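The values are calculated or read from the model by the stated rules, or taken from the named source; none is laboratory data. All of these numbers come straight from a predicted model, not from anything done at the bench. Counting neighbours? That spans all protein chains shown, and the Cβs are built from the backbone with ideal geometry, glycine included.
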Amino acid sequence: MDQDELVAGLRRRDAWAVGELLDSYGQRLLRSAFLLSGSEIDAQDLVQETFVQALDSIQRFRGKSSIYTWLHAILLNLARHHIRDSRRLVVNDELARKDVPVTDEGFARQDTETAGSALAIALRQVSEIHREVLVLRFYEEMRIHEIAAHLGLSKGTVKSRLHYAIAEMQRLLPEELNLFGANSTKEKEQR
Amino acid sequence: MNCRQFQRDVFEHLEGSLSQSARLAAQRHLEDCEACRVSAQKLDRTSRFLTTGLRNESEFLALTEDSKMRIKDSVGETPTEAVETTAIPGLFARPWIWLGSGIAIIALSIFFFVRSQFRPESDTSQKATDSLATISLRISCCEPTYTFRTDGNLVVDSLNCQPCVMEESLQIQHRGVVPENENNSQL
């Protein structure tokens with residue numbers, strides 16, 4: 001369907017347009033939300049809120065980007081707030097119990113009960129800014145200039161973050177995955 | 001292009017977004033530099049591994065029907081097809097009640113206005129005088145309409161008020177009395 005036609009339908013709040021929006025982008029957005037937040041329940045809530053905010057502000061959509069990119073920008077903003085709130089919650093909980101030292105890894109540990117594969121665990125452990133570029137680059141398959149525009153950063157900063165993010169993943173992933181080529185084990189041993 | 005410059009552009013090299021001159025320079029550098037060639041190959045493998053891995057991690061997810069329903073409910077869609085509309089049963093739903101009420105209000109207004117113009121004739125110093133009065137009346141009312149529509153399995157109801165305004169202008173000629181001294185002062 002033509003994007004302009006869909007946007008016009010959304011502005012009129014036509015039921016078919018809302019349904020089309022959910023069917024076209026809901027799944028992909030949900031998966032991206034899951035990778036960003038690390039929790040399926042949080043991802044459902046984030047996507048729901050994303051669509052609600054998007055439909056509330058559809059009059060302001062100028063069509064300079066694709067609808068999906070616009071939706072993802074809203075999702076990213078919501079996910080950032082959500083992750084910061086979650087981290088604060090975990091730290092407060094730990095302070096209340098007073099038997100666990102406060103660290104910066106609250107987010108990483110909050111969803112260990114839903115931990116999946118080694119890759120999912122590693123992704124939850126990398127810092128927020130590195131997780132964002134990893135998801136945008138390798139899940140959304142955005143190009144460097146697209147990530148830069150999406151995050152409001154320079155291309156140099158994006159590339160720098162990507163290098164660090166990949167190095168962090170390399171450190172966190174088990175060696176048996178041999179993610180970074182045949183020499184990775186030897187390189188780690190040398191280090 | 002040296003190693004440092006190549007490493008700076010390695011992501012664009014892999015995604016194929018380098019300009020033609022930069023792409024040729026990168027290719028020439030890779031032919032001469034084995035370290036950068038190996039590094040680029042590793043990064044390419046990593047990219048493919050992460051892309052596949054992240055897709056596999058999340059492919060089981062699907063937006064629940066409950067979430068879809070909540071989103072649709074929250075936007076307050078306007079119905080695209082005709083829906084059953086039912087007025088409130090009872091007195092308020094009948095137009096003649098509103099019309100009758102309006103006429104009654106006008107009649108009462110006229111009555112009180114005319115009554116206020118007449119004064120007791122106990123004072124003999126007053127004399128009769130004729131006057132012409134114009135009364136403008138504006139009555140606002142609100143007609144409630146209760147609407148039902150079906151949205152999937154849900155019945156959504158809403159109460160709307162349709163404003164209505166009645167305007168009337170009347171000219172009344174009546175014989176009143178004006179105190180004599182007041183009449184003189186006007187002269």
Across region B:75-109, what is the total count of residues that are modelled with pLDDT of 70 or more, surrounded by 15 or more Cβ atoms within 10 Å (Cβ to Cβ) and among the small types (Gly, Ala, Ser)?
2
Here are B:23, B:45: which of them is surrounded by fewer than 16 Cβ atoms within 10 Å (Cβ to Cβ), under 26 Å from residue A:146 (Cβ atoms), at the interface with chain A (Cβ under 9 Å from one of its Cβ atoms) and among the basic types (Lys, Arg)?
B:45
Which condition number does residue A:13 fail, the rest of (1) of a type outside the set (Val, Ile, Thr); (2) outside any helix (DSSP H, G or I); (3) surrounded by 18 or more Cβ atoms within 10 Å (Cβ to Cβ) being met?
(3)
Could we say that residue B:151 is acidic (Asp, Glu), loosely packed, with under 10 Cβ neighbours inside 10 Å and modelled with pLDDT under 80 here?
no
Within region A:66-80, can one find any residue that is part of a helix (DSSP H, G or I), under 14 Å from residue B:64 (Cα atoms) and touching a helix residue (DSSP H, G or I) at 6+ places or on another chain (Cβ under 7 Å)?
no
Cβ pairs under 9 Å, 6+ apart, first in region A:114-143 and free of Cβ contacts under 8 Å to residues at least 40 places away in the same chain and closer than 20 Å to residue B:43 by Cβ, second hydroxyl-bearing (Ser, Thr, Tyr) and buried (at least 21 other Cβ atoms within 10 Å of the Cβ):
A:136/A:32
Can you name the residue in region A:33-42 that is more than 8 Å from every other protein chain (Cβ to nearest Cβ) and under 12 Å from the mean Cα position of the chain (by Cα) and, of all such residues, is surrounded by the most Cβ atoms within 10 Å (Cβ to Cβ)?
A:33
Hey, could you check region A:43-84 for residues that are within 18 Å of the chain's Cα centre (by Cα) and of a type in the set (Val, Ile, Thr) and say which is nearest to the other protein chains (Cβ to nearest Cβ)?
A:47
Flag for residue B:112 being at pLDDT 75 or above and surrounded by fewer than 11 Cβ atoms within 10 Å (Cβ to Cβ)
yes
Could you tell me how many of the residues in region A:134-151 are farther than 17 Å from residue A:68 by Cα and either more than 8 Å from chain B (Cβ to nearest Cβ) or charged (D, E, K, R) (or both)?
0
Consider only pairs whose beta carbons are under 8 Å apart and that are at least six residues apart or on different chains; among these, list those whose first residue lies in region A:56-84 and is without any contact (Cβ under 8 Å) to a residue 40 or more places away in the chain and whose second residue is not aliphatic (A, V, I, L, M).
A:70/A:61; A:74/A:50; A:74/A:53; A:78/A:49; A:78/A:50; A:78/A:53
When both residues are 6+ apart or on different chains and their Cβ atoms are under 7 Å apart, which pairs have a first residue that lies in region A:16-40 and is touching a residue at least 24 places away in the same chain (Cβ under 8 Å), and a second that is of a type in the set (Gly, Ala, Ser)?
A:31/B:58; A:33/A:43; A:33/A:79; A:35/B:58; A:36/A:79; A:37/A:43; A:37/A:79
Name every residue in region A:1-28 that is facing chain B (nearest Cβ under 8 Å) and either farther than 30 Å from residue A:120 by Cβ or in contact with a Phe, Trp or Tyr (Cβ under 8 Å, 6 or more places away or on another chain) (or both), in order of residue number.
A:12, A:13, A:14, A:15, A:16, A:18, A:19, A:22, A:26
